[in-house]
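Below is one structure, written out as structure tokens; comments come after it.
Just so it is clear, none of the values below were taken in a lab; they were calculated from the coordinates. All figures in this text were calculated on a predicted structure; none of them were measured in a lab. Here the Cβ is made from the backbone with ideal geometry for all residues, glycine too, and neighbour counts use every protein chain on show.
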Amino acid sequence: MQFKTLTFVAAAATLSSIVSAAGDISLDLCFKNNYADCQRVSVNYHQCYDFVNPWVDANGLPLARFNDKVNSVKVYDIAGKAEARCDVFEHTGCGGDTGGPIGSGNPHSNLSAVGKWGNKISAIRLLGLLPVTAASLVPRQYFSFGNYFSTGPTTSGTFIIEATTTLVLPALNSPHNGNLGLWPGMGMDDGDLVQGLAISTVGIGSPCNMGAGEVKWCVTASTLENNQEDGAVYKANPGDRVTYHYKYNPSTGKTDQTVSVNGKVVSTLSTSSGSGGLGWGTAMECQQAKCGTVPTHHYLDTKITMSAPNPNYKNTMALNGASGDLVTADGGKTWTVADITVNQYTYT
């Protein structure tokens, strides 16, 4: 993507319980050095897994038992594919100090020997596949997620085939530091992340190449595949209403994005991203440096349409510093939220 200093990935917006049958990659999280006293879990691409309740592993055991207690990690490949890799994080929400990647080609038998990571990990994220290397844990730049509204996963065999929401752009974060992204994301069944963006940053870190004096948000359609794919970019003002519309097109096998500002289409993108979404939610993402305080903002008139009724989809809803009432009037085929309020958040 043109947002050169950022690669946006899904966080709480697409969190799900860890289920082995659905996971892209398996890994061992071990309480002791040298891969002793381990629990094997399966994780999906581009998702942040907190070691906090209510998330559970394939055996129904809470991930909270891993919090600050992991001392060795081993990652396993998918047969016939290249090396899998994941990052580890000091704080929940995939925030704070970051280490990685840990890959199947470089298991870590003693995390205390690399940056004192022993008994320090609170979250993990699977990054995807790379050619096999002998990499080791290295320090990374600041990366953290803020408040969110999250739904998913869908019932097995069903998908989100259409989703729309309107973000009322707040004032820029203050102080105007780091690279901030607000986005509604839809995690796809092939591991892609459909995520139209609203970006607040200055200079070459922004696709809009903002000047220091511009009080604007950079808006674009975007999908995270193996690389970030972007549509056209548009400079929007605080207070503008940005509508993000995602729809699976069965005639092309692609997911079409349309991004409009105050009713005018400004960016489009179509990507081959599987057969539909497994979850939908909002995210507040900060990279490079602490992004200051992000004002309270709203997503209005959210509508999520399923390929088949999911009558219990409301039970998948998870909130962190956000509120909204997810309702259905047709037995779970269509779900709506009149107003998702995402509270003010300060990165520390």
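Worth a mention:
- Sites ASP330 and HIS298 - FRET efficiency at Förster radius 25 Å, r taken between beta-carbons, to 0.05: 0.50
- Nonlocal amide H pairs with ALA289, under 5 Å, H built at 1.01 Å: GLY178, ASN179
- Shape of the stretch 152-346 from the C-alpha gyration tensor: prolate (a/c of 1.5 or more and a/b above b/c, with a ≥ b ≥ c the square roots of its eigenvalues).
- FRET efficiency estimate (nearest 0.05) - Cβ-Cβ, SER112 to THR252, R0 41 angstrom: 0.20
- Mean Cβ count within 10 Å, highest first, over the residues of peptides 288-294, 249-255: 288-294, 249-255
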